[in-house]
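One structure is given below, encoded as structure tokens.
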């Protein structure tokens, strides 16, 4: 847009009318006081963890039936590290292959809803292994490449960490970024639509060529002549954060866009560069698509100002987007921070079982803590081990989420 | 609580109201959301670290409250669409607010600018309101939105381009379908 046009438009914007609040200061204060009083903790009735014994028993029976038919064998390497992680991302081979039946989701939901403390002890025996949705780039001989897709409603980004044990990152980085969707599709069965099988939608990467220059911390995006970003601001609005998710971990600070033509990027206009800021201050929740294959993901949802707001968001489900709370509503969470470490304790820790629900909460707290700049996380829970984590030690925040491990 | 409220109200209420109104374009919703902003501010004032100015902290909370409001509206819209199975036509359903008197008396071009703002993305709209209607500096806008200065500049450039295109399209009587949120 010509400078003159922009100046003229700017001038007109400044002439838009001023709007004033009709209510008085006192009136507003009274409303706020009444609201604050209503919301004060002493007026809240804490929801009790009361689950009838019969329901618990039913939950266990159901779980036995479901678990028996749903899980495939999984093996954890027991190599202990100082970071609180007991397995590499690579060893958790079953992360994306853990279930092939829709009953798994139903089973987990039943588990969440109906298990009480006593039944949870039993569930640790019933559950053969738990699946962490956090991903660690802790093996120099293995390629670890952060890419991204979308939820099927295109409401949120699904970060994906592709782990390729057959190559090193240096060898395949360019190749992977220029075939993101093809690589993601490799994890599905080609005869089934990816939206149905993996429960994710691919971002329109085809027609964009990525060229990484890590020395100059720049990624160049070259657009094919026929490239067209789909209409609607939801997908277009996710373009910047998707680039951040994929390239900030590679220490890339800027995306340079070349060959962009009028209209190709829809409402974004003709842009030449995008600054890539790390994805900070996001609350991670569970994306549980209605697909029948049992895949689940942790997704960054709302950007918030404070940790408290993040934890509040993490308790809220958004079923219309197939996104669910990652912190159970009853959780009484206490947080302390010291430099780059954050610690979580729970006054009602006995409600947690050594199960997938608790592991999802731990993973989501780790990823949320990372987005707030913390490096290590401690958890006070009534068990020492949970999935890949050794809870007696501080756990390093993950390098990514949702590992897709190539065989 | 009263002292903190007085301080925020006396210093920023006029600007806060203006920002929230331009974001949601409805008087009653603005009043409800402003109430929510003050409650959040007063509840977390003790934990305010002073890393940004009070003003940018207040406005960043206001922006998040607004985004949350839009999300809830979107969910409501989706639920209604699901219920009635309006399918693709549902995208055409938009909340139509009557023009406020202050805008209705302005010339056609200014009315169109006011309307076209709603067809920018939330990010673009936030930048335009903060930079040109509220006269925030680039630095203040960056702190408010939690972005880098260069990102504000890029978004501002895109926003002005998008707004100009929208105005041209509206001039030609074309439908706006450039992605409202």
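The values are calculated or read from the model by the stated rules, or taken from the named source; none is laboratory data. Remember, predicted model here, so these are calculated numbers, not experimental data. When we count neighbours, we look across all protein chains shown, and the Cβ atoms used for this are built from the backbone with ideal geometry, even at glycine.
Structure summary
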item	result
Unmet criterion (only one of (1) without any contact (Cβ under 8 Å) to a residue 60 or more places away in the chain; (2) surrounded by fewer than 18 Cβ atoms within 10 Å (Cβ to Cβ); (3) within 24 Å of residue A:130 (Cβ to Cβ); (4) away from every other protein chain (no Cβ under 14 Å)) for residue A:335	(4)
Subset tally (residues that are out of contact with any helix residue (DSSP H, G or I) (no Cβ under 9 Å at 6 or more places or on another chain), part of a loop (DSSP other than H, G, I, E, B) and modelled with pLDDT of 90 or more) for region A:132-159	1
Scan of region A:233-270 for residues that are facing another protein chain (nearest Cβ under 8 Å), crowded, with 18+ Cβ neighbours inside 10 Å and not in a helix (DSSP H, G or I), ordered by number	A:269
Residues within region A:274-297 that are more than 11 Å from every other protein chain (Cβ to nearest Cβ) and farther than 23 Å from residue B:69 by Cα, tallied	10
Qualifying residue in region A:314-321 (condition: part of a strand (DSSP E or B) and assigned by TED's automatic domain parsing to the domain that holds residue A:176)	yes
Tally of residues being modelled with pLDDT under 85 and not in a loop (DSSP other than H, G, I, E, B) across region A:193-232	4
Cβ pairs under 6 Å, 6+ apart, first in region B:3-21 and within 11 Å of chain A (Cβ to nearest Cβ), second part of a helix (DSSP H, G or I) and exposed (fewer than 15 other Cβ atoms within 10 Å of the Cβ)	B:9/A:25
Complete set of residues in region A:247-259 that are touching a helix residue (DSSP H, G or I) at 6+ places or on another chain (Cβ under 9 Å) and closer than 13 Å to residue A:208 by Cβ	A:247, A:255
Conditions (1) outside any loop (DSSP other than H, G, I, E, B); (2) away from chain B (no Cβ under 14 Å); number of the one not met by residue A:311	(2)
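Residue-by-condition table, conditions (1) in a loop (DSSP other than H, G, I, E, B); (2) in contact with a strand residue (DSSP E or B) (Cβ under 7 Å, 6 or more places away or on another chain); (3) at pLDDT 95 or above:
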{"residue": "A:328", "(1), (2), (3)": "yes, no, no"}
{"residue": "A:334", "(1), (2), (3)": "no, yes, no"}
{"residue": "A:337", "(1), (2), (3)": "no, no, no"}
{"residue": "A:354", "(1), (2), (3)": "yes, yes, no"}
{"residue": "A:366", "(1), (2), (3)": "no, yes, yes"}
{"residue": "A:369", "(1), (2), (3)": "no, yes, yes"}
